[in-house]
Amino acid sequence: MDIRLAQAKDAPDVVRLMGQLEAFAHGEVGAGLEGRFKYMLTLTHCHLCVAEDDDQVIGLISAAVRPTLWHPGPVAVIDELIVDQTARGQGVGKALINAVVTWARKRGASEIEVSTEKDNEAAQSYYRDRGFDHESVLLEMEWHR
């Protein structure tokens, strides 16, 4: 398995993987996913990696860094992590998280955050097993597109 930066050619695989993520999320991936993906590839504060095995994309992680007044350095945020249902339990997610942590540290980030649905106990346990702690509560205000 290789971890590499995502490329525009990965768009169909990203769409497929994000469809699998919908099974755990409340709601659906909004229209224009492929365009958002390609746009994010151009942003210097965003980091998108894929895991690839035998030329097949089997995982995706997206993260961004942002400055805060509270922290001495920027904060990295993992927005999406999805491993293909056929490749789960093989260390793909851990490798993707490690790649983002390395990137965030090189960017001078003070910490890395991740959120998941409040009823997705499996994901919460997964992240805790990888060193994340329940430190805060994320509140959202959503409006539909």
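Restricting the first member to region 93-110 and to residues that are closer than 18 Å to ARG66 by Cβ, and the second to residues that are assigned to a loop (DSSP other than H, G, I, E, B) and modelled with pLDDT of 95 or more, the beta-carbon pairs closer than 6 Å and six or more apart or on different chains are ALA109/PRO74.
I need the full set of residues from region 18-49 which are more than 30 Å from LYS106 (Cα to Cα) and of a type outside the set (Asp, Glu), in order please. Once the filter is applied, which keeps residues that are more than 30 Å from LYS106 (Cα to Cα) and of a type outside the set (Asp, Glu), region 18-49 yields GLY19, GLN20, ALA23, PHE24, ALA25, HIS26, GLY27, VAL29, GLY30, ALA31, GLY32. Could you tell me whether any residue of region 61-80 is under 17 Å from the mean Cα position of the chain (by Cα), touching a residue at least 60 places away in the same chain (Cβ under 8 Å) and on the phi < 0 side of the Ramachandran plot? Yes, that holds for at least one residue. Here region 117-136 is the region considered, the condition is being of a type in the set (Ser, Thr, Tyr) and out of contact with any strand residue (DSSP E or B) (no Cβ under 6 Å at 6 or more places or on another chain), and the residue that is nearest to VAL83 (Cα to Cα) is TYR126. Only a single criterion out of (1) over 21 Å from ALA104 (Cβ atoms); (2) more than 16 Å from the chain's Cα centre (by Cα); (3) of a type in the set (Asp, Glu) is not satisfied by ASP13, namely (2).
For region 123-145, residues that are more than 14 Å from LYS94 (Cα to Cα) and in contact (Cβ under 8 Å) with a residue 40 or more places away in the chain total 1.
Among the residues making up region 52-75, those that are over 17 Å from VAL114 (Cβ atoms) and not β-branched (Val, Ile, Thr) are GLU52, ASP53, ASP54, ASP55, GLN56, PRO67, LEU69, TRP70, PRO72, GLY73.
The values are calculated or read from the model by the stated rules, or taken from the named source; none is laboratory data. What you see is a predicted model; the values in this text were computed from it and never measured. Please note: Cβ atoms are built from the backbone with ideal geometry, for glycine as well, and neighbour counts cover all protein chains shown.
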